[in-house]
Each structure stands twice: as structure tokens, then as C-alpha cells.
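S.K.: Once you've had a glance at the structure underneath, I'll fire off some questions.
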Amino acid sequence: MTSTTCIRNAACVVAWDTTNRRHAYLMGGDVAFTGDTLCFVGSHYDGAVDTEINGTNLMVMPGLIDLHSHPSTEPFYRGVREEHGVPAMYMSGLYERSVAFQPDAIARKAGKRVAFCEMLLSGVTSVADLSGIDEGWIDIAAQSGLRVFLAPSFASARWHLENGWALKYRWDETAGRRGLDAALALIAQAETHPSGRLAGIVSPAQVDTCSIDLLRDSFAAAKMHNVPLTVHCAQSVNEFLVMVDRHGKSPVQFARDIDILSPRTVLGHAMFIDEHSWVRWHTRTDLAILAATGTHVAHCPSPFGRYGHTLEDFGRYGRAGVNLGIGTDVAPHNVIEEMRLAAILARVAARDITTTSIGALFHAATAGGADALGRPDLGRLAVGAKADLVLVDLANRWMRPARDPLRSLIFTAADRAVRTVFVHGIKVSDQGRVLTMDHEAALAAVAEGQARMLRDAPSRDWAGRSAEQISPLSLPMLG
Ligand SMILES: [Zn+2]
């Protein structure tokens, strides 16, 4: 017998307007769910209720979707990555960092737990987890209580550096093939997991590290298994130049020409498209290609903004007809803060306040991400949708006055006002505490794992430098 929970007389409900396919405020209303599915969103629920939650001073909103994250590695870069970049690689620190700083397998498990805890505490209910295959991944994902889209990443080549500017590749096509096979096996396990909360994404790692055959076969596999495909594409100037060197075209044009762009394709991050001011390529077709093929973009403003990069711009992509979702790609895994930064960077890039809005950003972080994942039952509060929802405390001092609750949440309060999170109808975090995992223990393990990672950096770095030389602390040591 499945029970029904009703959030009664919520001060504010972010309800889904089915006719106009957009979120709308309902000031005063009930939200009810039976088992894992919403059964009522409206003024007053008359049905039988097993558990009633007093909605006074609460906003009920759909859970957020983190469309692009790397939980196995990003938690280890706290204090390391924020100001690390390589000017001679067009500011990106990606290549130097991912070669020099590699958390080990034991650490990576704790990393996932920390990342998942950060998500649950900041209102994320679904996540695309792009990671290498580690033992126990399915179990950790299931235990987290999150809705996890496992995206086991594989590639035909690894990045490699011999100096501080040139990006090189070590190719191993067989490893890429093995990776695709292992990924498909794991995706099958996820899709049939008894929790009903796990799913899969085919994830060839990057357009520049996968052979054309591997990319094409990955796309065919995604189609055959009816799951999304995600790939990093147009994420750095170096990658853009490599693709021009190999193929004489932009990364997006390359992806279109090998037929991997489609409504099941999610590109992280499609930032350096042909018209971007940092590449100034001679064509102006990439945005139209993304829109015409129905390709989705996972936008992750923080990691790029820290280098000095941004999408040009979030509003323009939307007006061109491109569906955008929001990802983190970095620690903290805080989609609320990503929405704020995305709005600000879009306006700075466009030099125009009207280019985007909190309404558009919130759509991207919910329904946009759900559409990208092919899941119209997520990212919205509507009857029949999954009971993935967030209760926001309107009485929190950072929310007040809560004239416009989403603005208060996104511009000011962020996770401080996230009170309770439900995924699949189950309460997974409450009052700032994760109910499914031991956050403290995971944080301690991540600190130990980070120490090992930093210790081993000289053996991996192209110049044999220490972690302190690669990424100095923000202040000098006294004495
Ligand atoms: Zn990424």
C-alpha cells in the first residue's frame, strides 16, 4: 500500500503550466504525492492523506537537475582549482590539472559521496554523473537517494603534456572500444536497478579524445538502447584549434558532420562555438546547427568563469532555439549558485539586462535539464511527474522579504533556505542534514584523498613540479 503525502497550504508553489509549457507561481496551494508520483498540484487536495506537512512559510518547487558533473574528481579540487589556470593554454587549467592531480580509486568513492551530499543540500534531485567506471558506483548512487544518470566516460586517447602550452594525445583505440562495452554493461545495470532511480547516458568523453568511429558507434549504441548521449564539445580554445587542425572546422561542425548531433545529444559545454570572441572563426553557423539538430547544451558557468571564459551568451542561445540545462562541472555542486552566475555572466557578455531572466534560468535548471535527458516526468510539479521536490523556507532570514521567492533564493539565500528535499517521494535531506549518507565521514576521506593526490603530483606533472608550485595558496606563508 503506497502512502500519500500532502504539503498543505504552501505559501508558494512553483507549478507547471502544462498549456504554456512553463513554470508559474501559485501563491497558496497544496502539493500531494502518492508513492513516487505527484497526484495533485493546485489550490486544495481533497483526497485521503497519510502524512501532512504544514506549508506555511514554505515554497514548494521542483527538484533541480545537475546536467553535467564529475563527482569522482571535483571534490578533490577544492582549494586547488579555483584560481588555477594556464595562460598559455588560453587560460584553461583543465589539461594541466587533469594530468597532474588524480585522486585514487579509494578516494574517488568518497568524492562521489561528498558531491552527492552537496547536491542534496542545495536542492538537486537528479544528476548526470560523468565519471570513469569505479567499483561500487551503482551502490553509492543507489544509497545516495538521488536520481542518478550514470554516464561512464571512455575515450580513444588521453591528454598528455610535454610543455606548458601544447596539448598532445596518446591514442589507444582498443581501450576506447573496451570502455564503450563496459559503459553499456553498466548502463544496462543502472536501467534495471530495483530502486527505479538509476539510469544511463552513453558518454564518449570528449570530441577531441575519441576517434570518429568510436563517436559514431557510441551514438548508434545510445540510439539502440534509447538513452541520451553526452560528450564534451567546444569546451576550450585548445580543443577548438585541435579540431580545426584535424578537420578544418569548428567542433560543433565536426560533430554535425559525423552525425552525432540530435535531440538525444547533450553537449558539455558548446561554449567555444564559431562566433565566440575568443576563437573568431570565419563561419556563423554553429548556433543554428545546434538548434536545427535539437542538440541540448549543458551550461556550467563557474568553472569557465573562473578562467575568464563565458558562453556568449545564455540568452542568445535560447533565442536561437537551443535548449539549455545547467550543470556544475565543479565543486561546489550548487546549481542555485550556478543559476545566479549564469544570469550575471549572460548579461555581462551581452551588455544587456534583458538577454535572460531568472525565469529562463530556473527553466533550464529544471525542465530544460529534464528535456535534455528525455524525461518529461522530471523537473516540473505536475500530476504524473515524479515526486522530486524541494521545500524552501521562506522564513529564512536570507529569503526575506520573499516578495519573489525564486529571486530571493537564487540571488541571496541559495542552499541556506533549502529545508527539505524529496526524491522519488522519499525524504533524503532535511534541515541542512543529508539523511542517506554520512557526510562527515565522506569529507574526512576526501581530505585524506586530496593529501595523497597532492603528494603524488610531481610524479605526474610534465615539469615534475610540486602541488604548491602548480597551484600556490592564495596567501604566502608567514616567515
Ligand atoms: Zn565536464
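The values are calculated or read from the model by the stated rules, or taken from the named source; none is laboratory data. All values reported here derive from a predicted model rather than from experimental measurement. Every residue, glycine as well, gets a Cβ built from its backbone with ideal geometry; the counts of neighbours run over all protein chains shown.
S.K.: Spot the failing condition for Gln102; the list is (1) buried (at least 20 other Cβ atoms within 10 Å of the Cβ); (2) among the polar types (S, T, N, Q); (3) closer than 30 Å to Ala166 by Cα, and only one is missed.
M.R.: Answer for Gln102: the failing condition is (1).
S.K.: Sticking with this structure for a sec: Show the residue pairs that are 6+ apart or on different chains and have beta-carbon atoms under 6 Å apart, the first residue being within the range 299-313 and of a type in the set (D, E, K, R), the second being away from the ligand (no atom under 14 Å from the Cβ) and at pLDDT below 95.
M.R.: Taking only residues 6 or more apart or on different chains, not a single pair turns up.
S.K.: Then there's this: If you check His276, His225, His232, which single one turns out to be crowded, with 24+ Cβ neighbours inside 10 Å and out of contact with any Cys (no Cβ under 6 Å at 6 or more places or on another chain)? It would help to see each step written out before you state the result.
M.R.: Numbers: His276 fails: crowded, with 24+ Cβ neighbours inside 10 Å; His225 fails: crowded, with 24+ Cβ neighbours inside 10 Å.
Selected residue: His232, the only one of His276, His225, His232 that is crowded, with 24+ Cβ neighbours inside 10 Å and out of contact with any Cys (no Cβ under 6 Å at 6 or more places or on another chain).
S.K.: Please indicate, with yes or no, whether at least one residue in the range 114-121 is crowded, with 20+ Cβ neighbours inside 10 Å, away from the ligand (no atom under 16 Å from the Cβ), more than 17 Å from the chain's Cα centre (by Cα) and of a type outside the set (Asp, Glu).
M.R.: no
Yes/no per residue for (1) modelled with pLDDT under 95; (2) within 27 Å of Tyr77 (Cβ to Cβ); (3) within 16 Å of the ligand (Cβ to nearest atom); (4) among the basic types (Lys, Arg):
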position	(1), (2), (3), (4)
Leu241	no, yes, no, no
Ile260	no, no, no, no
Val266	no, yes, yes, no
Ala288	no, no, no, no
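S.K.: State which residue pairs qualify: first residue polar (S, T, N, Q) and inside the range 254-277, second residue in a loop (DSSP other than H, G, I, E, B) and more than 16 Å from the ligand (Cβ to nearest atom) in any location, beta carbons under 7 Å apart, and separation of 6 or more residues or different chains.
M.R.: Sorted first by the residue in the range 254-277, then by its partner, the pairs are Ser262/Gly294; Ser262/Thr295; Thr265/Thr295; Ser277/Glu312.
S.K.: Kindly indicate the residue of the range 329-359 that is part of a helix (DSSP H, G or I) and touching a residue at least 60 places away in the same chain (Cβ under 8 Å) and also nearest to the ligand (Cβ to nearest atom) among those meeting that condition.
M.R.: So the first thing to find is which residues in the range 329-359 are part of a helix (DSSP H, G or I), and the list is 335-350, 353-355, 358-359.
Keeping just the survivors that are touching a residue at least 60 places away in the same chain (Cβ under 8 Å) gives 335-337, 339-340, 343, 359.
Working: Val335: 15, Ile336: 19, Glu337: 17, Met339: 18, Arg340: 20, Ala343: 21, Gly359: 26 Å.
This residue is Val335.
S.K.: Here's another thing I want to ask about it. Counting only residues that are closer than 18 Å to Ile133 by Cα and in contact with a His (Cβ under 7 Å, 6 or more places away or on another chain), which one in the range 192-206 is surrounded by the most Cβ atoms within 10 Å (Cβ to Cβ)?
M.R.: Step one: filter the range 192-206 for residues closer than 18 Å to Ile133 by Cα, giving 192-193, 198-206.
So of that shortlist, the ones also in contact with a His (Cβ under 7 Å, 6 or more places away or on another chain) come out as 205-206.
Numbers: Ala205: 24, Gln206: 22.
Among residues in the range 192-206 that are closer than 18 Å to Ile133 by Cα and in contact with a His (Cβ under 7 Å, 6 or more places away or on another chain), the one surrounded by the most Cβ atoms within 10 Å (Cβ to Cβ) is Ala205.
S.K.: Only residues that are aliphatic (A, V, I, L, M) and farther than 23 Å from Arg319 by Cβ: list them for the range 331-372, please. Walk me through it before giving the result.
M.R.: The first filter runs over the range 331-372 and keeps only residues aliphatic (A, V, I, L, M), leaving 331, 335-336, 339, 341-346, 348-350, 353, 358, 360-361, 364-365, 367, 370, 372.
Residues satisfying the conditions are Ala331, Ile336.
S.K.: Further question on the same structure: Just to be sure, is Thr293 among the β-branched types (Val, Ile, Thr) and under 29 Å from Glu74 (Cα atoms)? Steps first, answer last, please.
M.R.: Working: among the β-branched types (Val, Ile, Thr): yes; under 29 Å from Glu74 (Cα atoms): no.
Criteria not met by Thr293.
S.K.: For the range 58-105, which positions are within 13 Å of the ligand (Cβ to nearest atom), closer than 30 Å to Ala10 by Cβ and not acidic (Asp, Glu)?
M.R.: Leu67, Ser69
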